[in-house]
Structure formats: C-alpha cells, structure tokens
Amino acid sequence: MIRTLLIANRGEIAVRIARAARELGVRSVAVYSEPDRLAPHVLEADEAHLLGPAPSSESYLRVDRILEVAARSGADAVHPGYGFLAERAHFARAVTDAGLVFVGPAAATIQAMGDKTEARRHMQTAGVPIVPGLVDPVADPFAALDAALAIGYPVLLKAAAGGGGKGMRVVADPSELPHAFEAARREAQAAFGDASIYLERYLPRPRHVEIQVLGDAHGHILHLGERECSIQRRHQKLVEEAPSVVLTPSERDAMGAAAVQAARAVGYVGAGTVEFLYQDGEFFFLEMNTRLQVEHPVTELVTGVDIVAWQLRIASGESLLLRQEEVRLDGHAIECRLTSEDPWHGFLPSTGTIAHLRVPTGPGVRWDGGIEEGFQVSLHYDPLLGKLIVHAPDREAAIARMARALDELVVEGVETSAPFHRRLMDEPDFRAGRFDIRYVEEHPALFMEPTDEDALRAVAVSAALLEDERRQRHRTQRLGDSAGPGLPAWRKAGWSWQPR
C-alpha cells in the first residue's frame with residue numbers, strides 16, 4: 001500500500017482524497033497557494049506545504065514545486081484529483097520519472113485519450129461506435145467545407161485537444177463555416193495551446209450519458225453503471241444522477257460493454273469515465289476522461305463502491321475484488337454542484353467571505369465541501385464550492401430529498417447556484433425525466449429572479465433556520481456556563497487539535 005500520498009489539488013476533491021487516504025492508513029500531504037493557507041483541504045491533511053502565490057500558474061500548476069514538496073515530505077505517490085494537472089500527460093510522466101506512483105493511468109494513455117481525434121481513431125479501431133465525422137484535424141476552412149459537405153449539415157467543429165465546450169461551434173449552413181472555423185481555432189489555441197479542429201455530425205437532441213470504469217494493472221476492467229449528465233449549461237454540467245432515467249437494461253449492458261472495450265483498447269489502469277451521446281436508442285463515443293470525475297459520488301452511492309479508495313488500491317498494485325456480475329445498482333442518487341455564481345444574473349461569478357454555512361444532514365444526504373465559515377472565495381480558481389448529493393430508493397424520492405436538503409442549505413457571504421437547483425427540483429419536465437442537453441437553454445424560467453412571493457417564502461425559511469440555530473447556541477452556552485467559565489473552541493488540523 002502507498003504510505004504517503006501527495007494530493008496535487010485543492011478544494012472539495014482534495015478533502016475527499018485525504019479522507020479516503022486516512023481510512024486506508026495512508027498519510028496525506030496537502031499543497032496550497034497563499035490565499036488557501038487555512039483552506040479545509042489544508043486542515044484535513046496530515047501535512048501541508050506552500051506552493052506559491054494565488055495564480056494557479058504560480059502554484060497548483062507548478063510541476064517542479066509539486067515534485068519538490070513530494071521529495072521533502074517523503075511522499076511515494078501523487079494523486080492529481082481533477083482539473084489542474086489531472087489530465088496532463090507531461091505531469092504523469094514527470095511523477096513516474098521521479099520514482100513516484102501516479103494515481104491514474106499511464107502518461108501514454110492520457111495522451112492518447114486527451115487528443116480527441118486520436119481517441120476517435122482508437123475507438124474506431126476497437127469497434128466502439130463514434131459520432132460520424134473525421135478522425136483527423138482539418139487544416140483550413142476550405143478543407144472544413146469539403147468535410148462538412150461529406151458529413152452533412154449541421155456539423156460540430158471541435159477542438160482536438162479540447163473539452164468543457166471550449167473551441168466548439170455548431171454550423172448549420174456553409175456560409176457560416178469559415179467564420180466559425182477561425183473562431184473555434186482561436187478559442188482552442190487560447191484554451192489548450194493547440195488550434196487543431198476536426199468535424200463531426202451535430203446531434204441536435206442527445207442526452208449526455210457516461211459510464212464509470214475501473215481497471216487494475218492485472219488486466220481486469222469493469223464498469224459501475226451509468227450517470228446521466230444532460231443538465232448542463234454551455235457544456236458545463238450542473239446536475240448529475242445515477243442511473244439514467246431513459247436507458248433500458250439491455251442498453252445499459254451494451255453501453256457498459258462498449259465502455260469496457262474502450263478502456264481495454266488503451267490498456268486503462270485506474271478510475272476513468274467513458275462519455276457517450278445517446279439519442280433515439282443509439283449511443284456514440286464522445287470522449288474519455290482519464291481521471292476521477294466531479295460526479296463520482298452518485299455512482300458510489302448507488303453501487304456502494306468507494307471509487308477513490310479503489311484508485312489508491314489499484315495504484316498500490318491490488319487486483320479488483322469485484323466482478324462485473326456482482327455490480328448492482330441500488331436506488332437513485334442526484335448531485336447538485338454548488339458554485340459561487342449568481343444564477344439570476346447569467347451565472348456571473350461571486351466573490352467574498354463565507355460568513356455563515358449550514359450544511360444539511362439526515363438520511364441519504366452527503367456533502368462533499370471545500371469551504372467553511374471564514375473561507376475567502378476568489379476569482380483565482382474554479383467556482384465549485386461543494387457538492388450536495390442525495391440517495392433514495394427511487395428517483396421521485398431522491399428529488400424530494402434533494403429539495404429538502406437544498407431548503408436546509410445556507411451559504412451566506414457569496415451568491416451561489418443553490419436557488420437554481422432548488423427551482424429545478426420543482427420543474428415538471430425535469431421531474432418527469434423529459435430532458436436532453438438543450439434542456440437548460442429551453443427553460444429560461446429557471447433563471448428568472450424570484451417573485452415577491454418567492455422572496456418572502458425564502459426569508460421566512462431563513463429566519464426559521466437562524467432562530468433554530470440561535471436557540472441551539474443558547475442551550476450550548478448554558479451547558480458551558482454550568483461547567484465553568486467559557487469552554488474553548490477547537491479546530492481540527494490534520495491529526496491534532498488547535499485553539500480556534
């Protein structure tokens with residue numbers, strides 16, 4: 001087993017990894033930038049080291065400094081989390097060249113699946129269905145026009161090195177293509193340092209469904225069912241759930257088998273996700289994420305498999321104990337991504353200090369958070385504050401549980417996406433499972449500012465929650481007074497406790 005794990009990330013995922021490591025008896029090492037000095041992930045780890053100033057280019061993206069910390073702390077493995085360096089082949093290679101274990105697939109696998117056109121070639125060779133289109137980039141608008149004519153309009157221009165909606169344009173008419181091609185190239189170059197663009201058929205109303213896979217170094221690969229990720233805005237996921245509301249058992253088996261086939265084609269080791277577009281009973285390979293996904297908790301809740309723990313076990317050389325026929329999906333899980341964005345004003349980023357935080361509890365409720373009271377939210381990093389996840393016997397019960405949990409959640413000091421999520425839970429089409437990747441843009445009422453009646457109801461709920469907290473604090477103070485003058489407050493820091 002890995003003895004000391006350096007977590008090359010921040011926020012809620014670094015907290016999640018540190019907790020999984022502790023349960024396995026693995027010592028954790030956090031890294032942080034100057035504004036993250038007292039962030040939850042720093043306090044959760046057994047040891048923490050400063051990387052540099054706030055900009056990620058001077059801290060969390062500094063491979064040399066991360067490897068220096070690994071050497072100083074005696075780490076024998078590095079977990080990249082997601083984002084930052086997680087899907088950078090050069091980072092995986094640098095870690096292994098330094099004699100450390102990289103918790104993830106080999107650098108060659110990351111490189112093969114990170115280039116979208118190369119990934120499509122691999123999948124085509126492996127017999128995995130891909131969206132009709134090119135497997136090589138096009139050099140100029142004239143070549144793009146020829147390719148689009150062969151594929152058939154509408155077409156989708158995509159960055160070969162991309163993801164997250166960057167470097168993408170939908171083109172419905174040949175007259176639009178030259179301008180869209182140049183715009184996509186500029187955006188791809190700025191986002192990924194690679195302006196390569198390829199074309200594929202545009203599917204107008206697909207659902208975004210992905211399959212979680214696990215593979216060990218002994219050739220065993222299995223899947224853990226699917227996640228529905230169609231509730232997204234500008235190709236950024238907002239809500240995920242497991243299982244999908246539309247897949248039949250036979251479709252699930254077929255998509256799962258294709259995902260395993262895709263992973264086997266590139267010799268995949270570790271936890272990864274194969275993403276598909278699903279429309280009219282057909283599914284097509286979209287891409288493979290060679291890392292842990294933000295939405296992994298919904299799969300953990302319906303399968304009972306600790307994906308992060310298995311990442312560490314696989315990286316330590318263990319064989320998967322689970323076999324495909326033993327994977328069972330139990331109930332339904334939903335995850336809402338809580339971000340520091342204002343849904344009533346175009347999801348503009350919000351900054352400030354977390355003045356008050358009340359996290360919901362109760363049966364089937366999980367909070368994976370990277371904030372606490374006093375935490376400073378800045379523009380330097382991803383706006384993800386935490387993830388609220390629920391599990392229930394069926395989808396209807398899961399939606400009701402999420403609505404209750406969102407009513408209990410209180411975050412003061414910054415605007416968050418929570419009001420959007422709460423309104424979504426009541427939206428008839430969402431509750432009925434009638435949605436695809438265009439759902440959010442076709443339901444503008446989800447982003448309309450609350451009416452006076454809505455605002456009054458929210459104020460009343462907040463007042464009741466605050467009054468309940470006031471009464472609880474009063475009772476605690478009275479107990480403290482009876483024990484003596486002022487009991488000290490304490491904060492957990494790694495394995496020790498320090499005065500607050």
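The values are calculated or read from the model by the stated rules, or taken from the named source; none is laboratory data. These numbers were taken from a predicted model, which means no experiment stands behind them. When we count neighbours, we look across all protein chains shown, and the Cβ atoms used for this are built from the backbone with ideal geometry, even at glycine.
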Is there any pair linking a residue in the range 172-188 that is assigned to a loop (DSSP other than H, G, I, E, B) to one that is crowded, with 19+ Cβ neighbours inside 10 Å, with Cβ under 9 Å and at least six apart or on different chains, and which? Ala172/Val155; Ala172/Tyr202
Check the range 129-139 and report whether any residue there is part of a helix (DSSP H, G or I), at negative phi and out of contact with any His (no Cβ under 9 Å at 6 or more places or on another chain). no
Residue check, Val274 against (1) crowded, with 21+ Cβ neighbours inside 10 Å; (2) within 16 Å of Gln324 (Cα to Cα), all met but one. Which one? (2)
Candidate set from the range 190-231 (those that are of a type in the set (Val, Ile, Thr) and touching an Asp or Glu at 6+ places or on another chain (Cβ under 7 Å)); member that is surrounded by the most Cβ atoms within 10 Å (Cβ to Cβ): Ile211
Report, ordered by the first and then the second residue, all pairs with beta carbons closer than 6 Å, sequence separation of six or more or different chains, a first member in the range 233-253 that is small (Gly, Ala, Ser), and a second member that is part of a helix (DSSP H, G or I). Ala242/Val298; Ala242/Thr299; Ala242/Val302
Going by what's in this entry, would Trp310 be described as in a helix (DSSP H, G or I) and either outside the structural domain of Glu228 (by TED's automatic domain parsing) or among the aromatic types (Phe, Trp, Tyr) (or both)? yes
Extreme residue, surrounded by the fewest Cβ atoms within 10 Å (Cβ to Cβ), among residues of the range 352-370 that are within 19 Å of His41 (Cβ to Cβ) and out of contact with any helix residue (DSSP H, G or I) (no Cβ under 9 Å at 6 or more places or on another chain): Thr353
Would you mind stating whether Arg404 is at pLDDT 95 or above and either assigned by TED's automatic domain parsing to the domain that holds Ser350 or charged (D, E, K, R) (or both)? yes
Look at the range 53-64 and say how many of its residues are in contact with an Asp or Glu (Cβ under 9 Å, 6 or more places away or on another chain) and assigned to a helix (DSSP H, G or I). 0
Modelled with pLDDT of 95 or more, in a loop (DSSP other than H, G, I, E, B), of a type outside the set (Lys, Arg) and over 28 Å from Leu424 (Cα atoms), is that true of Leu329? no
Filter the range 289-323 for residues that are over 18 Å from the mean Cα position of the chain (by Cα) and of a type in the set (Lys, Arg); the one that is farthest from Ile2 (Cα to Cα) is Arg323
Would you say Val29 is under 21 Å from Gly369 (Cβ atoms) and crowded, with 18+ Cβ neighbours inside 10 Å? yes
For the range 178-219, how many residues are at pLDDT 95 or above and on the phi > 0 side of the Ramachandran plot? 1
Picking from Val390, Val377, which residue would you name as being farther than 25 Å from Asp306 by Cα and buried (at least 16 other Cβ atoms within 10 Å of the Cβ)? Val377
Filter the range 378-401 for residues that are among the hydrophobic types (A, V, I, L, M, F, W, C) and either outside the structural domain of Gly352 (by TED's automatic domain parsing) or closer than 27 Å to Pro55 by Cα (or both) and give the result. Leu379, Leu384, Leu385
Per the filter on the range 48-64, residues touching a residue at least 40 places away in the same chain (Cβ under 8 Å), closer than 25 Å to Thr96 by Cβ and in contact with a Leu (Cβ under 9 Å, 6 or more places away or on another chain) are Tyr60
Could you grab the pairs with beta carbons closer than 6 Å, sequence gap of 6+ or different chains, first residue in the range 112-131 and closer than 19 Å to His90 by Cβ, second one among the hydroxyl-bearing types (Ser, Thr, Tyr)? Met113/Thr290
All conditions in (1) buried (at least 22 other Cβ atoms within 10 Å of the Cβ); (2) of a type in the set (D, E, K, R); (3) part of a loop (DSSP other than H, G, I, E, B) are true of Glu335 except (3)
Determine whether the range 29-52 contains at least one residue that is of a type in the set (A, V, I, L, M) and within 26 Å of Tyr268 (Cβ to Cβ). no
